[in-house]
Structure formats: structure tokens, C-alpha cells
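The values are calculated or read from the model by the stated rules, or taken from the named source; none is laboratory data. None of the values given here were measured: they were computed from a predicted structure. All Cβ positions, even for glycine, are placed from backbone atoms using ideal geometry, and neighbour counts span all protein chains on display. Quick note on the areas: whole protein, heavy atoms, side chains included, nothing else; ligands and nucleic acids left out. Shrake-Rupley method; radii C 1.70, N 1.55, O 1.52, S 1.80 Å.
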Amino acid sequence: MSGSETPLLEIDDLRVQYKRKRLFGASTVLTAVDGVSLSLQRGKTLGLVGESGCGKSTLMRSLFGLTPIVSGSIKVMGEDVTGSGRRARRRLSSRMQMVFQDPYSALDPRMTVHEIVAEPLRLAGRYRAQEVTDLLDRVGVTAEMARRKPSEFSGGQRQRVGIARALALSPDILILDEPVSALDVSIQAQVLNLLADLQQSLQLTYLFVSHDLSVIRHIADDVAVMYRGRIVEEGTSERVFAHPADAYTRSLLAAIPAMGPSEARRRRATAAESEPSPGSAAPEA
Amino acid sequence: MNDSIRADVPLLSVRDLRIVSDSGDEQIVLVDGVSFDVFPGETLCIVGESGSGKSLTVLAVMGLLPPALRIGGGSILFQGREMIGLPERELRSIRGRGIGMVFQDPMTSLNPLRRIGPQLTEAVRLHNPRASRKDASARIQDLLQQVGVTQPERSTRAYPHEWSGGMRQRAMIAMAMANDPDLLIADEPTTALDVTIQAQVMQSLARVRAAHDSAMILITHNLGLAVENASRIIVMYSGRIVEFGDVATVFEQPTHPYTRALLASLVTGGRERIPAIPGNPPSPRNRPQGCAFAPRCALHAGRDVCTQKRPELRPTVSGSLSACHFAEELLMVGTAS
């Protein structure tokens, strides 16, 4: 990849603020995203790491026009979409889609799996049954299973459906919000492998948000660490994990549970005693 | 602690536990033939995927199975006393005093409309009515301090939503430990928390347990947590124990293909493709005949015995118990990567 290529997604100095009105007295301002700049290159995965309340969910919601942006800009394939209206948003939906954490609440329980994946195509006025079947086949859901409702599916199968739905309009970018956090260990591996396959065959670009550093290290080319609304560290995955420059990143790395008895024994004594608290009112759900 | 309890006498003894759900004419077996002991002061970890029966097993121990389920057989001895069939009143006195509990989500265990302090104090007095409000309150302050809540007196005037998840979980630990239980049951105690907080909460838990010499059953799907905290580990799959042994032995020389595959499928951070376990766990309604893991098993290799005969849990040369017909083959192959 040449460095001169236009990034697929470019966030520049983004600032999101929530005003909290008080019944009496002055209102307070909470800066949830504080001067964040990020860029995504085609076909690559950027891992965004941070703990609850750090602003990563707000940042993601900003990409879809759901937050009060005070300053800065968001460009998708070179086009500024920071304050764009409904029509531009709809156009945007064929370029950028989101996959949610909880596959249990993200799918309409009354629809069959086929209908769920068909919906975005119907809304775009280009539904073809075969296309839905192909999409589901891509993620490993058979046509027979597609006639069922999501309640009959396991967590991993539901997440596959969520991914198929996100891919329906053939977007270039997937925003993945903790896509494997709610899944069992053996199923996490399946879904991560599926995401890697899809990225390769469809040339997808991922913004992969997670609090799980092992997962980020596995899937991300580049990593950004967010803390209290800012990016405190950014670099290639290799560099950040091998030589973390920031103190907060180091404390995150130290907290990954050990993966073997000897490593566990070595670590058992050492862990940082610092609980981050980004103000009393974090605006995240 | 009761001086008559010696270290080699189990605190809790579960034998052939069977948990069933009756829906219509059909009886679904959710937990089948589970047996284990917990010794004073030790930490026993139970790992397994959702639906493996790990949480149901401990709910049964506490007499807290949901109404649709019932114990279909077996025995649960706590301090030598049979818990199955005990009247609710007596069970309640054992919970809280003999057995403390910490659940995954502390928010659902606290009343959002009341200040934290009085709630905790009341919970202590519920199990120990002779304690005065003042004594109970002092006890809670002391325990909160032990689990790392600074200035407990001032901070317990807050409402639950004003506390972070980590703080709330510490409050639950303090509450569970308030009456000096001999056994603490922690079901996914840190799953809902951020990584850095997870480590701190587990440390608080270890500290307060050591001070009270309580045993613990730790339920988790996080194998890293198991390694760091437990001495022995039970691996459950589809309602049964498939492997049981010392944590180090099980991790270094797994004797069940499921354990081995689970360890191999852990995301350890390398960029290479993860050897995922294909398929999904079976539904308890139509568990395969023979070994429940056979359809996903790499060791099965089409051998009839796997699909015809259910493997019993048995000792292996590594020292672990395994429910695999071919456990010895795994040991010969060598250690899992």
C-alpha cells in the first residue's frame, strides 16, 4: 500500500461534547471525544482499544451522525460527511456498516433470518432472494436455517447473521463493536476466522473496537488506544504490543489474564492499582 | 472456623447430581451425573460454555434452581448435611452464613432506589438477626475497606448507580463475606468488568478469602482466570464433567479432546489462523448418543465406540480424570501448544 492513497475513513480532530443541564445552577459540559484523529487504509484493520467510558462508543456513534459533534471532521472515501443529512447518510450506508456486540438484541425476533438479511436490500429497492441466500452462504448459514427465527440460533450463529446483514449493501467499511465479546471461547475463534476470510475475499476495511487485547492483537494491523476521550497511543499492532510507549497502554497489557500456569505464577503478584474514572457521568450506554 | 473440619474432609460433596426440566411428557436432562468435592480453603474452578450446566450445578448447590427445573437425583452434602430436600427456611440460613455468593452482574443484585450502606447492613442482619444495626454496619465498613473501597463510611451513602461496576462488585463481595462463610460461590464475578478492574477485583477477592480461610467455587468461561486463581479445575461440556484435575496438569496435558481444542482455540494474539472448534454444542434435547463431543471431535476419526458408548469419567495416567475413550492417545500425542 502506498502512503499517498486517500484513506477510506478519515477522522480529523473530532470533538464531541454533551451538555448536561442542571435544574439549578450552571450546566456542565462533558467532552466525550476530545480531539481524536484516526485513518483507515483499504483492506486493513484498525483496532480501537479502551475501557468502558473512554469514549469509544461515542466515537463510533459519531460516524453515523448520532452525536453532537462540536468540531473536527469525518471523511468517508474523501467525502466530508460530518454534518450530512438523511439523504447523504443513506448513500453512506452502502459504504459503511456496523456490526453490534450483542447478537441477541440486534436482530428482530419476529423476522426470519432470511427477512433480516433481506431488509436492507428491500429498503434500497434491490432485493433478490438469491442474493440473500448467497450472503448467508458466505457466513455459513444454510438456506434451510434461513427460514428459522433468530431465537432458534446460538450466539455465534446470530453473530453470523448480523455480519451477513451488515454486508448486504456491499459496504467497504465495517465498524465492528465488540463483535465477539458476548460469544463463548470456541465460537469466538470461528467468528474471528470468518471475519478474516471475509476481509480477504471482499477487500473489507475494519474498524474493530474491543476491550479484549488478545483479540485486537490477533486481528488488527494497527492499534489505537483510547483513554478519557483521547487517543493516547497509536501504531502498528506489533509495535504497540511489543513496546507500549504510554503508561495506560502498559497497564492494560499487564491486565490480560495469563495463558499458561507458569506465566500466571510469574504474574500473580503484579497488577496496577489504578481504576480509571472518566468523570461521574460517562455518556455511554 | 470449626476445628473439627480437617483439610482432608470435604466441605462440600456433590454426588451424581442430575438436574432435569420437565416440559410436557418430555424430560430434558440438563446436568447429568456430576460429582465433585470442595475442600476447606481451596479454589475449585468450573469452566464450560454457555449451556454446559456449570451455573445450574452451583445454583442447585445453593437451592436456587429456577422453578421450571428440579433435581432429578444425586446428593449434595454441605458440612456433612444433605442439602437436597431441605426446607427453604433452613436453606436460607445456610446461604449467607455457610455459603456466600457473588454473581456476574452486581447491578441486578442491588436495589437501585436505596442507598448502598443500609442495603448491605440489612443483608448482614438478615442472616444474623442478633447483630445490632451498628455492629452490622461496622462489619460492612470493615469488609469494604478490606476489598479496597476507600472511605467506606462516606461512599456507602451513595446509590448503586453512582458506583462503578468494579465498586459494585466489591460491595457484593463484602456482602457475601459478611457472615464469614466457609464456602464462597463466585459465578463469572468479573465478566461484566473492564480488564484492568477484573484483575483488581480478583485480587480483592483473593485477599478477603485468605483472611477468612474460605473455600471458593469459581465459575468462569475465562481460562486465564482459572489458571490464575484455582488449584483444581472441572471442565464441563453439554451437562457433564469431561475433565477434572489440577489446573497445571489440565493445561499442560489435557486428557480430553474438548479441553485440548478449547486451549488451542484461545486467541493468544498471534496473527495466524485460530484452530477453531467446528460446529456448536448440542442442544440438551437431542444430545448425540455416545460422546456428546464426538460430532466436533478431531480425535473421534469415525470410530464407532465414540458414537455408541457414552464415555465415563475415569482416572488417567496424568492424574486427571477424563471422559474420553481415547484419553491415552492424547497423552501420547504430547502436550497441547
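Would you check if B:R285 is more than 7 Å from chain A (Cβ to nearest Cβ), of a type in the set (K, R) and farther than 29 Å from A:M145 by Cα?
Answer is no for this residue.
Within segment B:204-215, which residues are farther than 23 Å from B:G63 by Cα, open to solvent by less than 10 Å² (accessible area, probe 1.4 Å) and either at the interface with chain A (Cβ under 10 Å from one of its Cβ atoms) or hydrophobic (A, V, I, L, M, F, W, C) (or both)?
B:L205, B:V208
Take B:N222 and tell me if it is within 23 Å of B:V38 (Cα to Cα) and in contact with a strand residue (DSSP E or B) (Cβ under 7 Å, 6 or more places away or on another chain).
no
Restricted to segment B:242-296, and to residues that are polar (S, T, N, Q) and over 20 Å from B:G33 (Cβ atoms), which residue is nearest to the chain's Cα centre (by Cα)?
In this case the residue turns out to be B:T249.
Of the residues in segment A:105-120, how many are in contact (Cβ under 8 Å) with a residue 12 or more places away in the chain and over 22 Å from the mean Cα position of the chain (by Cα)?
Final tally of qualifying residues: 7.
Within segment A:97-123, how many residues turn out to be part of a loop (DSSP other than H, G, I, E, B), open to solvent by less than 80 Å² (accessible area, probe 1.4 Å) and away from every other protein chain (no Cβ under 14 Å)?
The number of residues fulfilling the criteria is 5.
Restricting attention to segment B:216-265, which residues are at the interface with chain A (Cβ under 9 Å from one of its Cβ atoms), aromatic (F, W, Y) and buried (at least 24 other Cβ atoms within 10 Å of the Cβ)?
Correct list: B:Y258 only.
One residue is enough: does segment A:47-66 have a residue meeting the conditions open to solvent by less than 10 Å² (accessible area, probe 1.4 Å), assigned to a helix (DSSP H, G or I), modelled with pLDDT under 95 and more than 28 Å from B:G166 (Cα to Cα)?
There is at least one residue in segment A:47-66 that is open to solvent by less than 10 Å² (accessible area, probe 1.4 Å), assigned to a helix (DSSP H, G or I), modelled with pLDDT under 95 and more than 28 Å from B:G166 (Cα to Cα).
Which ones in segment B:266-280 are open to solvent by less than 50 Å² (accessible area, probe 1.4 Å) and either among the hydrophobic types (A, V, I, L, M, F, W, C) or more than 7 Å from chain A (Cβ to nearest Cβ) (or both)?
Passing the criteria: B:L266, B:V267, B:I274, B:A276, B:I277, B:G279.
Checking A:E51 against (1) among the acidic types (D, E); (2) touching a residue at least 60 places away in the same chain (Cβ under 8 Å); (3) closer than 19 Å to A:L169 by Cα, which test does it fail?
Exception for A:E51: condition (3).
Which members of segment A:194-212 meet the condition of being within 10 Å of chain B (Cβ to nearest Cβ) and open to solvent by less than 10 Å² (accessible area, probe 1.4 Å)?
Scanning segment A:194-212 gives no hits.
Does A:R22 meet the test of being under 21 Å from the mean Cα position of the chain (by Cα), among the basic types (K, R), assigned to a loop (DSSP other than H, G, I, E, B) and more than 22 Å from A:D246 (Cα to Cα)?
no
Please find, within segment A:218-244, the residue that is nearest to the other protein chains (Cβ to nearest Cβ) out of those that are under 25 Å from B:T190 (Cα atoms) and without any contact (Cβ under 8 Å) to a residue 40 or more places away in the chain.
By that ranking, first place goes to A:H218.
Determine if segment B:114-135 includes at least one residue that is more than 28 Å from B:G63 (Cβ to Cβ) and among the polar types (S, T, N, Q).
Within segment B:114-135 (the criterion being more than 28 Å from B:G63 (Cβ to Cβ) and among the polar types (S, T, N, Q)), the answer is yes, since at least one residue qualifies.
Of everything in segment A:84-96, what is surrounded by fewer than 19 Cβ atoms within 10 Å (Cβ to Cβ) and either modelled with pLDDT of 90 or more or assigned to a loop (DSSP other than H, G, I, E, B) (or both)? Give them in sequence order.
A:S84, A:G85, A:S93, A:S94, A:R95
Under 6 Å by Cβ, and 6 or more places apart or on different chains, what pairs join a residue from segment B:181-200 that is away from chain A (no Cβ under 14 Å) with one that is surrounded by fewer than 23 Cβ atoms within 10 Å (Cβ to Cβ) and β-branched (V, I, T)?
That search, which allows pairs on different chains as well, returns B:I185/B:V58.
For the subset of segment B:13-28 comprising residues that are modelled with pLDDT of 95 or more and out of contact with any Leu (no Cβ under 6 Å at 6 or more places or on another chain), which member is nearest to B:D182 (Cα to Cα)?
That would be B:V14.
Could you tell me which numbered condition A:V180 fails, if it satisfies all but one of (1) surrounded by fewer than 21 Cβ atoms within 10 Å (Cβ to Cβ); (2) within 14 Å of another protein chain (Cβ to nearest Cβ)?
Unmet condition: (1).
What is the number of the single condition among (1) more than 13 Å from chain B (Cβ to nearest Cβ); (2) closer than 23 Å to A:E51 by Cα that A:A166 does not meet?
Here A:A166 clears every test but (2).
Within segment B:226-261, track down each residue that is among the aliphatic types (A, V, I, L, M) and without any contact (Cβ under 8 Å) to a residue 60 or more places away in the chain.
B:V227, B:A248, B:A261
Looking at segment B:285-302 only, could you name the residues that are open to solvent by 50 Å² or more (accessible area, probe 1.4 Å) and over 15 Å from B:L330 (Cα atoms)?
B:R285, B:N286, B:R287, B:Q289, B:P295, B:G302
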